[in-house]
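Colleague: Submitted below is the structure of interest, expressed as structure tokens.
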Amino acid sequence: MMLRTRRLSLMPTPGQILAFDDLDLPIGENLLILGKSGCGKSTFLNMLSGLLRPASGNISFEDQAYDFDDDHILSKIRAQNFGFVFQRLHLLGHLTTINNICVGLLASNGRQARSQALSYLDSFGLGDKADVKVSELSVGEAQRVAIIRALVHTPKIIFADEPTSALDDHHADQVMSVLSDYSQKHKASLIVATHDARIQPYFTHIRNMTR
């Protein structure tokens, strides 16, 4: 099993408890967490990725339980296996597109990472933006760069928070096609939290969240 949860809950404010249904996600399967703003979908995504500690319950990745008391081990799991696309893109405006994508990988496999990044840029129609500073990109272009950054180190799970919400229909479909192709090619899982119902056809597992 790629990802499993049991009896997860969170206490966002004193006296308030959010409970989440158990999850069993097989290797290579994709999950869409769909719901309106404030329903808890980003909270659930952040717990699944180990970025947020639940009030109770447990989470395991490939049968290895998350130990929220040992940040070193949990950080190692994330670094080696997970790719992240955040709502706030965390791109460095003074660096070029290619350097934003490869900045964490240059010391170990810079040439390979650059080649792979350039291939993804072409896939997203951004082949001419490699040496352009991120501060000069449009919002939609920057969002696609953040997605490429999540893919370039070949993660086993991609966690994406609203990856298509700032994109028009054409570019949203382009992004989801690349993510879906990546998932199939690498037997990786894609977990997306969004209110964007346009992307439902790309998922076999859909969790509708209400609050």
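The values are calculated or read from the model by the stated rules, or taken from the named source; none is laboratory data. These numbers come from a predicted model, not from an experiment. Cβ sites come from the backbone with ideal geometry, for glycine too, and all protein chains shown count toward neighbours.
Colleague: Do we have any residue at all in segment 115-132 that's free of Cβ contacts under 8 Å to residues at least 12 places away in the same chain, farther than 25 Å from THR194 by Cβ and not in a helix (DSSP H, G or I)?
Modeller: Kept after step one, since they are free of Cβ contacts under 8 Å to residues at least 12 places away in the same chain, are these residues of segment 115-132: 115, 119, 122, 127-128.
Still in the list and also farther than 25 Å from THR194 by Cβ: 115, 119, 122, 127-128.
Right, trim to not in a helix (DSSP H, G or I) and you get none.
No - not one qualifying residue is present in segment 115-132.
Colleague: Only one of (1) among the hydrophobic types (A, V, I, L, M, F, W, C); (2) modelled with pLDDT under 90; (3) not in a helix (DSSP H, G or I) fails for LEU190. Which number is that?
Modeller: Here LEU190 meets the rest and fails (2).
Colleague: Could I ask something else about it? Can you find even one residue in segment 1-22 that is under 26 Å from TYR182 (Cα atoms), free of Cβ contacts under 8 Å to residues at least 40 places away in the same chain and surrounded by 12 or more Cβ atoms within 10 Å (Cβ to Cβ)?
Modeller: no
Colleague: From the set of residues in segment 28-56 that are surrounded by fewer than 18 Cβ atoms within 10 Å (Cβ to Cβ) and basic (Lys, Arg), which is modelled with the lowest pLDDT?
Modeller: LYS36
Colleague: Also: Looking at SER75, SER135, SER108, which one is of a type in the set (Ser, Thr, Tyr), at pLDDT 90 or above and farther than 24 Å from LEU190 by Cβ?
Modeller: SER135 is the lone residue from the list that is of a type in the set (Ser, Thr, Tyr), at pLDDT 90 or above and farther than 24 Å from LEU190 by Cβ.
Colleague: Being closer than 16 Å to ILE33 by Cβ and over 21 Å from the mean Cα position of the chain (by Cα) is the filter here; which residues of segment 11-23 pass it?
Modeller: LEU18, ALA19
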